[in-house]
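First comes the structure, then the notes that go with it.
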Amino acid sequence: MSNRYYDYPLSVSEAALLLDTAQPGWYNTVNTGRLDMSSASDDILGNVFGGYDKGIEQLFGNIYDSCDRLVGDTIFGHRADLEQWLAEIYSRREVSANKASVRVGRQVTIQFAGQSISVPIEQLDALIAELQSLRVN
């Protein structure tokens, strides 16, 4: 759907990418138990930005004369499919939980899937060799 001010994303995945840019980690702020696409305060933008109107303004700027914005007829509001949004949120949460992170200092700390290991920096080469030997082909 287009108007003279901006183009709405047409799918949940497109909308999610837009949210990634505006509010990284947005999927962790959504209360899936109260997600209600017919409510301006409990839809995706309501959960992430505190209200549908606030979210539209964050994403697209001040567009108060847009009738579509006022009625919430976008992929972020009434036109959205709750099940598609929930699938997107749960998928992103799962991927996020399984990403590895590494912090390096005097110790190297590796986090993956809720597990954490710390190794003195001098032992890092030995740890890498051990991990490589465990790799399943």
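What the table below lists for this structure:
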| item | result |
| --- | --- |
| Length released on extending from residue 117 to residue 81, taking residue separation times 0.36 nm less the Cα-Cα span | 8.9 nm |
| Placed amide H near residue 43: partners under 5 Å, 5+ positions off or other chain | 36 |
| Net dipole in debye of region 12-98 [+1 Lys, Arg Cβ; -1 Asp, Glu Cβ; about Cα centre; nearest 20] | 240 debye |
| Other-chain or far-sequence residues with amide H under 5 Å of residue 108's (modelled H) | 119, 121 |
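Quick note: the coordinates plus some simple rules give every number you see, no bench work behind them. Note that this is a predicted model, so its numbers are computed, not measured. Here Cβ is always computed from backbone atoms with ideal geometry, including for glycine, and neighbour counts include all displayed protein chains.
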